[in-house]
Amino acid sequence: MSSQKPLLVAVVGVGLVGSEFISQLLSIPSPYSPFKLISLTSSKRTLTLNPTSPPAPQLKSEWKSLLSSSSLPADLQSLTQRLTTLVSQDKERVILVDNTSSDAVAALYPTWLAQGINVVTPNKKAYSGDVQLWKDILETSSRQGGGRFLNESTVGAGLPVISTLKELLGTGDKIIKIEGVFSGTMSYIFNEFSTGNEDGPAFSAVVSVAREKGYTEPHPADDLNGFDVARKLTILSRIISSFPTSSSLPTLQSFASVKTASLIPPELEGIPTGDEFLARLPAHDAQFAKLREDASKEGKVLRFVGVVDVQGGEVRAGLEKYPTTHPFATSLGGSDNIIMFHTERYSPRPLIVQGAGAGAAVTAMGVLGDLLKLV
Ligand SMILES: NC(=O)C1=CN([C@@H]2O[C@H](COP(=O)(O)OP(=O)(O)OC[C@H]3O[C@@H](n4cnc5c(N)ncnc54)[C@H](OP(=O)(O)O)[C@@H]3O)[C@@H](O)[C@H]2O)C=CC1
Ligand SMILES: N[C@@H](CC=O)C(=O)O
Ligand code: NA
């Protein structure tokens, strides 16, 4: 049994990743768990749990019904007050886990961090959006008494991408270029759609399966427009540019500054719901089939790749053609990401991180892994 006081965990967002995260957290046998759940917040309701009561063994199977029958509305202001009191008056260690994709929740990170509340999240919005929010997170989390901010699952889900980059930089290596397949959705789509043959499944059918498998963003257009990859590249390039000794890479003002080649047909821009978007996508299958056929005639496959070219001072994302013998063609399956770090030390052969890069289980694992770093 751990003799230390547990870290108190408040979860905001209980969708696909959030539910799996709660399940993984509650699967740590309670005598050994360094964590105690103190609240769950969906977009509608809050369930408050007493930090001093013993852990309820049935919570794992009952939290969903307890949350849906709770009469407390979702209220992030009250949650902030409660967590602040726990940190400042009761000297508890508190972690806020944001499992949403909400900009409004991300905007609260500096407030939480300034109060000494640690923040862990797979939500890419804060670190890839407005540059001022990113700077405020860096500033508040580096203050004396500030909370720590960890976001491993924002790039490559549970794969150790951010921790690897920080260790390379922190130990004095110089990044020359990071390149790879950064989207689980795009990886799955093109691994299935473009195998080197002239024909194969319809593009829209493969996109629908990627969504069913839980790889896509809540709206699949946020993957197909390349913005999800642009956000991941922004997160990595900002980490690089925040290391004083590292590089001349200019700080990106937002993910919109990344040169990104969208796959969304112009007629499907701005469709509000994922369901409508998927219903209208089959009308555009022929144009994607033509791209596949053209690549196949050159002995190539299609892959959606991202590059942070530190030496060249450029960050870009787009669809490229690769020979069928290239590692992007031969070694990827499912939602695999592959991220190659070309550095001064890892040269001419890069350091490679590869594996499933989307899906609830691996994303929640990356989130829980960040919590373990705080123990
Ligand atoms: N799925 C994956 O493979 C990966 C996902 N991620 C990131 O993880 C995050 C979660 O993704 P995922 O679980 O797939 O998405 P989901 O849409 O399944 O879950 C997000 C949840 O957040 C809830 N939510 C939205 N706003 C609020 C709010 N203000 N307060 C409380 N809850 C709120 C939504 O509730 P409601 O449904 O009621 O709107 C929804 O249940 C995203 O940021 C995503 O980019 C990162 C890596 C991989
Ligand atoms: N939609 C994203 C989920 C993980 O970040 C992806 O497909 O990679
Ligand atoms: Na990761």
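Values quoted throughout were computed directly from the atomic coordinates according to the rules given, and no laboratory measurement underlies them. Predicted, not measured: the structure shown is a model, and the values here were computed from it. Here Cβ is always computed from backbone atoms with ideal geometry, including for glycine, and neighbour counts include all displayed protein chains.
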Shape call for region 260-333, from the Cα gyration tensor axes a ≥ b ≥ c (a/c under 1.5 means rounded, otherwise prolate when a/b beats b/c, else oblate), comes out oblate
Quick numbers on region 325-375, Rg and Dmax over C-alpha atoms in Å, give 14.2, 44
The local net charge around Glu92, scoring Lys/Arg +1 and Asp/Glu -1 for residues other than Glu92 whose Cβ lies under 13 Å from its Cβ, equals +4
Taking a ≥ b ≥ c as the square roots of the eigenvalues of the Cα gyration tensor, with a/c under 1.5 meaning rounded and otherwise prolate when a/b exceeds b/c and oblate if not, region 161-355 is prolate
Taking trypsin sites (Lys or Arg not before Pro) in a DSSP loop with at most 15 other Cβ atoms within 10 angstrom as exposed, one finds the longest site-free stretch of the chain at 144-344
Among Tyr109, Gly196, Gln81, the residue whose Cα sits farthest towards the positive end of the charge dipole of the chain, when +1 is placed on the Cβ of each Lys and Arg and -1 on the Cβ of each Asp and Glu, is Gln81
Of the listed pairs Lys36/Lys373; Lys44/Lys373; Lys259/Lys321; Lys124/Lys213, those with alpha carbons more than 22 Å apart are Lys44/Lys373
One computes Rg over Rh for region 1-49 from alpha-carbon atoms, with the Kirkwood Rh, and obtains 1.01
Ranking Ser141, Gly214, Leu72 by how far each Cα lies towards the positive end of the charge dipole of the chain (+1 on Lys and Arg Cβ, -1 on Asp and Glu Cβ), the top one is Ser141
Phi-derived 3J(HN,Hα) across region 146-154 with the Karplus relation (6.51, -1.76, 1.60, θ = phi - 60°), rounded Hz, x for Gly and Pro, is x, x, 8, 10, 10, 9, 3, 6, 6
One checks the Cα atoms of the chain and finds Rg and Dmax, in Å, of 21.4, 68
Total charge of the residues flanking Asp75 in space, meaning their Cβ is under 13 Å from its Cβ, with Lys and Arg +1 and Asp and Glu -1, is +3
Under the rule rounded for a/c under 1.5, else prolate if a/b exceeds b/c, else oblate, using alpha carbon gyration tensor axes a ≥ b ≥ c, region 104-149 is classed as prolate
About its Cα centre, region 161-355 carries a charge dipole, from +1 on Lys and Arg Cβ atoms and -1 on Asp and Glu Cβ atoms, whose size in debye to the nearest 20 is 680 debye
With +1 at each Lys and Arg Cβ and -1 at each Asp and Glu Cβ, the charge dipole magnitude of the chain around its Cα centre, to the nearest 20 debye, comes out at 1080 debye
With -39,500 (n - 2.57) per DSSP H segment of 4 or more residues and division by the full residue count of the chain, the 222 nm estimate, nearest 500 deg cm²/dmol, is -11000 deg cm²/dmol
